[in-house]
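Values in this text are rule-based calculations from the coordinates and carry no lab data. From a predicted model like this one, the values you see are computed outputs, not experimental measurements. Because the Cβ atoms are built from the backbone with ideal geometry, glycine has one as well, and the counts that use them run over all protein chains shown.
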Amino acid sequence: MATSKSNKVRIYLYVLLTIAGCVLACSSLIPNDYIKLVVVMGALFIGLYGIMKGLSQPQASTEEEIANKE
């Protein structure tokens with residue numbers, strides 16, 4: 001499950017964004033509940049989408065091996 005360095009960095013950033021969304025949900029930094037809900041749901045959606053997108057990309061070395069076998 002090795003990915004390139006840039007993909008690893010992006011995945012870590014999306015994980016941090018997801019954790020930040022969870023922290024905002026549990027803290028009282030945003031007093032209005034509706035604004036808190038929008039901010040938290042947005043952070044979680046973007047974070048989980050980025051993680052799924054980063055992990056679903058095929059590896060470059062695997063593509064090269066498949067091309068060499070044909």
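Structural remarks
- Computed from backbone phi, the HN-Hα couplings of the stretch 19-27 come to 5, 4, x, 5, 5, 5, 5, 9, 9 Hz, rounded to whole numbers (Karplus: 6.51 cos²θ - 1.76 cosθ + 1.60, θ = phi - 60°; Gly and Pro given as x).
- For the listed peptides 43-51, 27-35, a ranking on the average number of other beta carbons within 10 Å per residue, highest first, reads 43-51, 27-35.
- Extension gain, residue 48 to residue 30, is 4.3 nm, computed as 0.36 nm per intervening residue step minus the present C-alpha separation.
- Pair residue 41, residue 9: separation of 7 Å Cα→Cβ label points (nm): 3.3
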